Structure formats: structure tokens, C-alpha cells
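Chemist: One structure follows; several queries about it will come next.
The values are calculated or read from the model by the stated rules, or taken from the named source; none is laboratory data. As the structure is a computational prediction, the values presented were derived from the model and not from experiment. Cβ placement follows ideal geometry from the backbone for every residue including glycine, while neighbour counts extend to all protein chains displayed. Ligands, DNA and RNA are stripped out before the accessible areas are found, and what is left, the full protein with its side chains, is counted by its heavy atoms. Shrake-Rupley method; radii C 1.70, N 1.55, O 1.52, S 1.80 Å.
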Amino acid sequence: SILPIGMESPAAEADALFARAFHASPTVRASAPGRVNVIGEHTDYNGGFVMPIAIEKRTHVAGRVHREGTLCRVVSADAGDEVIVEFHAKKGTMARTEPAWANYVKGVVAQYLDDLPGGTASFDLAVKSTVPLGGGLSSSAALEVATATFLEAAYGLRIDPKGRALRAQR
């Protein structure tokens, strides 16, 4: 895509955010699109089918795995300040906290713990999204799928796309 002079791509903005927050360069990048759902008349309350369609706006993540420990640090500038959220990725320690957006990352990590070495994870992750928050374009789902894709790439996991979607949905 073509960007105006002086405007960075969202992926480059995720890299820059990572460097500012963690004083290092990311080693793994992933992204996922926002989406809209096309539904017919009365479909939503009659249990009918919907047809999701990916849109051009995406959530980008840039990260680096730590081979030891359970500390995960995640930063995003999309909800205001660049606040680093910390949590430990091991079973029994993944409680919901503030800010609420970080719970989407934690939820996905919890779904992958059984597949990760020692049942734990440790990483730094920066998030940059062009999917409008709260606009009905599935910004939370984009964050979840981008996080899942990051984990799979960073830890060398092979999860089929349907399995990834189901894990992100839980």
C-alpha cells in the first residue's frame, strides 16, 4: 500500500513501539485483519448463518520470545498511553486485569500453554492496530488472531487455521 511521506506503515509502527518500550528489536511479526459480518434479515436472533469478510485494516504485533521464565510484557499505544502490561504465563496465574484489552492477549496465551515448552511462555509484544476500537469491525478478534499467529511463529507451533480461530474465540 502507498503511504504519504512521513507516515510509517502500521507494521513499522509496531516495530518502533517495541524498540521504545523494550529497548530491543523484535524477532517475530504477525498480523490479522479486522472483519465485518454480512447477515440477512432476522438472522442475528434466529441463529442463522453470517458471512464474515476480512477488511483492509489490520492489527500488527511485533515481539520477541524469552527462552526462560514466565514473564510476558505487552504494550499498545492504540488505547492512549504506551503502558506496558505485565503478566505471568502459566496455568493458574492468568486472571483478568486492567487494561481490558490485555485480557484478549492473556486469553489467547492461556489457550496455547499446553502446547508450549514447560506449559509456560515468556515474551515481549508490541501492538499497533488500524482496526477502529469499538467500531464493530472485530478489533478484539484481530488482536486475538494476531497474538495466536505470533505464538505459533515464535514457538514453532503448527496449528491449522480452524484450530487457531477456535482457540482465539475461547
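Chemist: I'd like the full set of residues that are hydrophobic (A, V, I, L, M, F, W, C) and under 17 Å from F22 (Cβ atoms), limited to the stretch 94-132. So that I can check it myself, show each step before the final result.
Modeler: In the first step, residues of the stretch 94-132 are kept if they are hydrophobic (A, V, I, L, M, F, W, C); the result is 94-95, 100-102, 105, 108-110, 113, 116, 121, 123, 125-127, 131.
Within the stretch 94-132, A102, V105, A121, F123, L125, A126, V127 qualify.
Chemist: For A77, indicate whether it is touching a helix residue (DSSP H, G or I) at 6+ places or on another chain (Cβ under 7 Å) and more than 26 Å from L157 (Cα to Cα).
Modeler: Yes.
Chemist: Follow-up. Given the conditions (1) without any contact (Cβ under 8 Å) to a residue 12 or more places away in the chain; (2) under 20 Å from S140 (Cα atoms), which single one is not true for G47?
Modeler: Answer for G47: the failing condition is (2).
Chemist: Residue by residue through the stretch 109-139, note down the ones that are among the aliphatic types (A, V, I, L, M) and over 16 Å from the mean Cα position of the chain (by Cα).
Modeler: Start the filter on the stretch 109-139 by keeping residues that are among the aliphatic types (A, V, I, L, M), which leaves 109-110, 113, 116, 121, 125-127, 131, 133, 137.
Scanning the stretch 109-139 gives a single hit, L116.
Chemist: Would you point out which residue out of K91, K57, K162 is modelled with pLDDT under 95 and closer than 25 Å to R20 by Cα?
Modeler: Exactly one of K91, K57, K162 is modelled with pLDDT under 95 and closer than 25 Å to R20 by Cα, namely K57.
Chemist: If you go through the stretch 93-146 one residue at a time, how many are in a helix (DSSP H, G or I), among the charged types (D, E, K, R) and touching a strand residue (DSSP E or B) at 6+ places or on another chain (Cβ under 7 Å)?
Modeler: Summing the residues that are in a helix (DSSP H, G or I), among the charged types (D, E, K, R) and touching a strand residue (DSSP E or B) at 6+ places or on another chain (Cβ under 7 Å) in the stretch 93-146 gives 1.
Chemist: Here is a follow-up. Checking V83 against (1) within 25 Å of A24 (Cβ to Cβ); (2) open to solvent by less than 60 Å² (accessible area, probe 1.4 Å), only one condition comes out false. Which one?
Modeler: Of (1) within 25 Å of A24 (Cβ to Cβ); (2) open to solvent by less than 60 Å² (accessible area, probe 1.4 Å), only one is false for V83: (2).
Chemist: Have a look at P117, P132 and point out the one that is in contact with a helix residue (DSSP H, G or I) (Cβ under 9 Å, 6 or more places away or on another chain), open to solvent by 50 Å² or more (accessible area, probe 1.4 Å) and closer than 18 Å to E68 by Cβ.
Modeler: From the options P117, P132, the qualifying one is P117.
Chemist: Further question: Identify, please: which residue in the stretch 135-170 is out of contact with any helix residue (DSSP H, G or I) (no Cβ under 6 Å at 6 or more places or on another chain), among the hydrophobic types (A, V, I, L, M, F, W, C) and in contact (Cβ under 8 Å) with a residue 40 or more places away in the chain and is, among those, most open to solvent (accessible area, probe 1.4 Å)?
Modeler: So, considering only residues that are out of contact with any helix residue (DSSP H, G or I) (no Cβ under 6 Å at 6 or more places or on another chain), among the hydrophobic types (A, V, I, L, M, F, W, C) and in contact (Cβ under 8 Å) with a residue 40 or more places away in the chain, the one most open to solvent (accessible area, probe 1.4 Å) is A153.
Chemist: What are the pairs with Cβ atoms under 8 angstrom where one residue, in the stretch 53-70, is farther than 21 Å from L137 by Cβ and the other, located anywhere, is among the acidic types (D, E) and modelled with pLDDT of 95 or more? Sequence gap at least six, or different chains.
Modeler: Cβ pairs passing all conditions: A62/D15; G63/D124; R64/D124; H66/D124.
Chemist: While we're here: Taking only pairs six or more apart or across chains, which ones have beta-carbon atoms under 6 Å, a first residue in the stretch 15-38 that is farther than 14 Å from F123 by Cα and without any contact (Cβ under 8 Å) to a residue 12 or more places away in the chain, and a second residue that is β-branched (V, I, T) and surrounded by fewer than 19 Cβ atoms within 10 Å (Cβ to Cβ)?
Modeler: Short answer, once both residue conditions are applied: none.
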